[in-house]
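Enquirer: Attaching a single structure in structure tokens format; questions to follow.
The values are calculated or read from the model by the stated rules, or taken from the named source; none is laboratory data. Remember, it's a predicted structure, so these values are computed and weren't measured experimentally. Note that we place each Cβ from the backbone using ideal geometry, even for glycine, and neighbour counts take in every protein chain shown.
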Number of protein chains: 2
Amino acid sequence: MNVNFAERAHNHNWKLDPIVRSLLDTDFYKLLMLQFIWKNFPQVHVSSETTNRTVSVRLAEHVPISALIEQMEHVRGLRFRKSELIWLAGNTFYGTRSIFEPGFLDWLEHDFRLSEYEVTEKDGQLVLRFEGLWTEVTMWEVYGLALVSEMKTRAALGRLSELELDVLYARAKTKLWDKIEILRRVPGVSISEFGTRRRHSFLWQEYVVEAMRAALGTSLSGTSNTFLAYKHDLEAMGTNAHELPMALAALAAADEELNASQYRVLELWQKSYGGELLIMLPDTFGTTQFLAAAPDWVADWTGQRCDSKDPFVAGDEYIAWLKGRGRDPRRKRLIASDGLDVDDILQLHEYFSGRIRFSAGWGTLLTNDFRGCHPRGEGDLDPISLVCKLMTVEGRPAVKLSDNVRKATGPVEEIERYRRVFGSVAVEGAAVLV
Amino acid sequence: MNVNFAERAHNHNWKLDPIVRSLLDTDFYKLLMLQFIWKNFPQVHVSSETTNRTVSVRLAEHVPISALIEQMEHVRGLRFRKSELIWLAGNTFYGTRSIFEPGFLDWLEHDFRLSEYEVTEKDGQLVLRFEGLWTEVTMWEVYGLALVSEMKTRAALGRLSELELDVLYARAKTKLWDKIEILRRVPGVSISEFGTRRRHSFLWQEYVVEAMRAALGTSLSGTSNTFLAYKHDLEAMGTNAHELPMALAALAAADEELNASQYRVLELWQKSYGGELLIMLPDTFGTTQFLAAAPDWVADWTGQRCDSKDPFVAGDEYIAWLKGRGRDPRRKRLIASDGLDVDDILQLHEYFSGRIRFSAGWGTLLTNDFRGCHPRGEGDLDPISLVCKLMTVEGRPAVKLSDNVRKATGPVEEIERYRRVFGSVAVEGAAVLV
């Protein structure tokens, strides 16, 4: 009787089910960094490229290039909406209003565009390559990764029956709620959702965030996903990433300037941002050398994010360093964000309790943990370790050493030169899970 | 854009969300027994009554009597639909066509009605009492129990938020699928869904049946729910219940006639039904005495359902008895139907494999196992042991002894008399779970 004829007909007319539907559907730190680049390096040209570190999953066999390109073209056709820009202008981020300058918002509205790109197949993998002005390339990182991640999901879902899909999501929800139930028993735990780039899908990420908010209350500090923060009145979380020190290092002329570039990033950053946005990421060329040679003002920064070193070790090292520099660690923040799951979060929370303000940036194993949920026991919904890294800056190679040798990127000879300049103290080789 | 205005408005107009929407939404054996009663005892008056054996759950505090009566009135207003009667006439049941006589189907269409009833509150419990012609009272059993069971579910669901409801069903589905996955690894297992009366809800029962069919194939023999069998082209399963020997016993004049009445039921039954419908239920007044004193033709029946005795013991006893009577147990069927769960089913399947054709009648713990699924850890969605039993037949008390003393029903002095007549060998006292 109550058939919605128009809807039914419209459903047959769908050309595309877009994955990214708003330019805000990205990590908040990309917007902070975009303003930083727009202000300080508006004319720099870069290139970046995706890599699937989970080589056993041959992405090109699952995701058709043509379908991926349709999704990418859809993203390139998006513009920041008026209401989104008004929100960026009027909202407080980390308690501060007007973080984004009027000039930048005006540029976002009228002049922002995404660079050209190229999608190729190599050894069964999909490689997305972006090239152009840094301001045009940088935003591709999260859109590109989220697109590939969800296209991989869709391919796996396409092999399941309606009932199997139902089993899958019942199990994934049960798994999620088991994690949430463990966390809700621990008051004072502080978690940010950091899983946009490797999410199962946008809708699943949204479900996860809403579930966490409902069940955990203030234990959920916020989400790195700007669109979800906007849509659900959550705090947008995140500060900056490796691409900044990598780019400044690539631009450095001599070896001495190269070493100094890692602090130059912080100097420039604190001209635009303050307070809780002063979170450093010291592992780009090795945390230990970074802290040892840091100018004293670096110890005034609010905290540190550790992304490649064992976070227990990195936190202890940071606390000892702060004490050595005469600062009180209990007023500082430590954020761990590397492949965390619920047990790590609880152990870290307990370990650092009363010593430093600890927060977990919970990514892939929050928004894409479908391990063991597949109705036929297959692994094609397990998460993979997909990254998008700067390759060149003004034609010069970009390098990351990291605290974990397996996460190092760049040409071998350049890595060698960087190791000579920065040293290679305390570089581990932990397995990269996600 | 595509708002369905009519549907939206209609949703505000709902007066009742009916639980039982078809008179076929009952156990198939009730229809077989109804024809039996219509044919043999059309003028007998009876009364029956519900009892909640799970006294810790005070049903009257959860289920408003007025809402229950609205549901009962809705059922009383239902008629067998033409298409349903045509299906009953044209379908094969257990491989036999025309199990229902034209005269009976005609009576179902024009003269069938449900008796008067009374709903009262006693010690925090709801008591549903039915009185009238046996043909009017008998069908209330399954409708009444299914109504109370789902009303209890609705009350518990009403205390949950949208997200909590989602958690609940995700967990219940995960639990169901874990069971199904265990069963699908065992080829040759034979299961019938027997859970109508104590189901979580109609829609959940339907989900369970569809999931079982999709995943287990022929290991699902069918469902006792006639409406689901009709709707989904499944086999309708079930034969007869305790109410028949109970009624015939109550009608018996002297003690000797009382003892003979338990075989008289079978004599009458086999005048109407044959083949796989010749499944006896020997535990009404104790299985051991039933078998010992049975006339030899009873051993020609196709099988036995054990409903109150430990099914391992009951099966062994039945096999030994068949051999003693010179029959080959491997050609007979053994059906267990008392509070089974997946482990029991597998153990029984293995135990009787090659010895007798074993089938599981899986009831409450298939269609209402929400234990451990409640999002706040509460128990108000756990199943309860609700039954509806004959109380009087032509004004005389109805009695069941059962193989489990806790399942005995009837006035104490009558139970004593029955025990004198039938003896009380091998009567156990196992806890009644569901």
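Enquirer: Among the residues of the range A:330-375, what is the count of those that are touching a Lys or Arg at 6+ places or on another chain (Cβ under 6 Å) and not polar (S, T, N, Q)?
Expert: Result for the range A:330-375: 6.
Conditions (1) in contact with a Pro (Cβ under 9 Å, 6 or more places away or on another chain); (2) under 17 Å from B:Leu126 (Cβ atoms); (3) crowded, with 18+ Cβ neighbours inside 10 Å, marked per residue:
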site	(1), (2), (3)
B:Leu68	no, yes, yes
B:Arg76	no, no, no
B:Ile86	no, no, no
B:Tyr94	no, no, yes
B:Asp106	no, no, no
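Enquirer: Test A:Phe370 against the stated conditions and say whether it is aromatic (Phe, Trp, Tyr) and in a strand (DSSP E or B).
Expert: no
Enquirer: Mind telling me which of the residues A:Glu7, A:Glu49 ends up being surrounded by 16 or more Cβ atoms within 10 Å (Cβ to Cβ) and charged (D, E, K, R)?
Expert: A:Glu49
Enquirer: All but one of (1) within 26 Å of A:Val387 (Cα to Cα); (2) within 12 Å of chain B (Cβ to nearest Cβ) hold for A:Arg113, so report the exception by its number.
Expert: (2)
Enquirer: Have a look at B:Asn52, B:Asn40 and point out the one that is touching a residue at least 12 places away in the same chain (Cβ under 8 Å) and closer than 22 Å to B:Met280 by Cβ.
Expert: So the residue among B:Asn52, B:Asn40 that is touching a residue at least 12 places away in the same chain (Cβ under 8 Å) and closer than 22 Å to B:Met280 by Cβ is B:Asn40.
Enquirer: Do any residues in the range B:261-288 that are touching a residue at least 60 places away in the same chain (Cβ under 8 Å) and outside the structural domain of B:Asn40 (by TED's automatic domain parsing) have Cβ atoms under 8 Å from those of residues that are of a type in the set (Lys, Arg) and in a helix (DSSP H, G or I), where the two are at least six apart or on different chains, and which pairs are they?
Expert: Partner pairs satisfying both residue conditions: B:Ser272/B:Lys39.
Enquirer: Also, I was wondering about something else. Determine which member of the set A:Glu206, A:Glu257 is assigned to a helix (DSSP H, G or I) and closer than 18 Å to A:Asp369 by Cα.
Expert: Being assigned to a helix (DSSP H, G or I) and closer than 18 Å to A:Asp369 by Cα holds for just one of A:Glu206, A:Glu257, which is A:Glu206.
Enquirer: Sticking with this one: Condition (residue is surrounded by 18 or more Cβ atoms within 10 Å (Cβ to Cβ), free of Cβ contacts under 8 Å to residues at least 24 places away in the same chain and farther than 27 Å from B:His74 by Cα) applied to the range B:148-161: is it met by at least one residue?
Expert: No: the range B:148-161 contains no residue that is surrounded by 18 or more Cβ atoms within 10 Å (Cβ to Cβ), free of Cβ contacts under 8 Å to residues at least 24 places away in the same chain and farther than 27 Å from B:His74 by Cα.
Enquirer: Taking B:Arg171 as meeting all but one of (1) among the charged types (D, E, K, R); (2) in a loop (DSSP other than H, G, I, E, B); (3) touching a Pro at 6+ places or on another chain (Cβ under 9 Å), write down the number of the exception.
Expert: B:Arg171 satisfies every listed condition except (2).
Enquirer: So is A:Ala250 crowded, with 20+ Cβ neighbours inside 10 Å, touching a Pro at 6+ places or on another chain (Cβ under 7 Å) and more than 14 Å from chain B (Cβ to nearest Cβ) or not?
Expert: Yes.
Enquirer: I'm checking my understanding of the structure. Among residues of the range A:210-229 that are in a helix (DSSP H, G or I) and within 14 Å of chain B (Cβ to nearest Cβ), which one is nearest to A:Asp25 (Cα to Cα)?
Expert: Selected residue: A:Glu210.
Enquirer: Please specify each residue of the range B:155-169 satisfying the condition of being within 11 Å of chain A (Cβ to nearest Cβ) and of a type in the set (A, V, I, L, M, F, W, C).
Expert: Correct list: B:Leu163, B:Val167, B:Leu168.
Enquirer: Would a scan of the range A:264-274 turn up a residue that is part of a helix (DSSP H, G or I) and touching a Lys or Arg at 6+ places or on another chain (Cβ under 8 Å)?
Expert: yes
Enquirer: Next question. So which residues in the range A:88-101 are in contact (Cβ under 8 Å) with a residue 12 or more places away in the chain and within 13 Å of A:Ser272 (Cα to Cα), if there are any at all?
Expert: Within the range A:88-101, A:Thr96, A:Ile99, A:Phe100, A:Glu101 qualify.
Enquirer: Against the definition (aromatic (Phe, Trp, Tyr) and out of contact with any strand residue (DSSP E or B) (no Cβ under 6 Å at 6 or more places or on another chain)), how does B:Phe194 come out, yes or no?
Expert: Considered against the rule, which asks whether it is aromatic (Phe, Trp, Tyr) and out of contact with any strand residue (DSSP E or B) (no Cβ under 6 Å at 6 or more places or on another chain), B:Phe194 comes out as no.
Enquirer: Still on this model: In the range A:291-322, what residues are of a type in the set (A, V, I, L, M, F, W, C) and under 22 Å from A:Ala360 (Cβ atoms)?
Expert: A:Leu291, A:Trp301, A:Cys306, A:Phe312, A:Val313, A:Ala314, A:Ile319, A:Ala320, A:Trp321, A:Leu322 - these are the residues of the range A:291-322 that are of a type in the set (A, V, I, L, M, F, W, C) and under 22 Å from A:Ala360 (Cβ atoms).
Enquirer: From the set of residues in the range A:23-57 that are under 13 Å from the mean Cα position of the chain (by Cα) and part of a loop (DSSP other than H, G, I, E, B), which is nearest to A:Glu84 (Cα to Cα)?
Expert: Per the stated criteria, the residue is A:Asp25.
Enquirer: Collect the residues in the range A:170-209 that are surrounded by fewer than 18 Cβ atoms within 10 Å (Cβ to Cβ) and within 12 Å of another protein chain (Cβ to nearest Cβ), keeping them in residue-number order.
Expert: A:Lys175, A:Asp178, A:Glu181, A:Arg184, A:Arg185
Enquirer: Ok, one more. Within the range A:79-87, does at least one residue satisfy the condition of being assigned to a helix (DSSP H, G or I), of a type in the set (Lys, Arg), under 16 Å from A:Thr135 (Cβ atoms) and in contact (Cβ under 8 Å) with a residue 24 or more places away in the chain?
Expert: no
Enquirer: Ok, one more. If A:Thr120 satisfies all but one of (1) more than 22 Å from the chain's Cα centre (by Cα); (2) within 14 Å of another protein chain (Cβ to nearest Cβ), what's the number of the condition it fails?
Expert: Failing condition for A:Thr120: (2).
Enquirer: Moving on to the next point. Residues in the range A:109-137 that are over 17 Å from A:Gln43 (Cα atoms) and not in a helix (DSSP H, G or I): how many?
Expert: 13
Enquirer: Give A:Asp338, A:Asp283 a once-over and let me know the one that is at pLDDT below 95 and crowded, with 20+ Cβ neighbours inside 10 Å.
Expert: A:Asp338 is the lone residue from the list that is at pLDDT below 95 and crowded, with 20+ Cβ neighbours inside 10 Å.
Enquirer: Hey, another quick one. Inspect the range B:19-39 for any residue being within 14 Å of chain A (Cβ to nearest Cβ) and aliphatic (A, V, I, L, M) and give the result as yes or no.
Expert: No.
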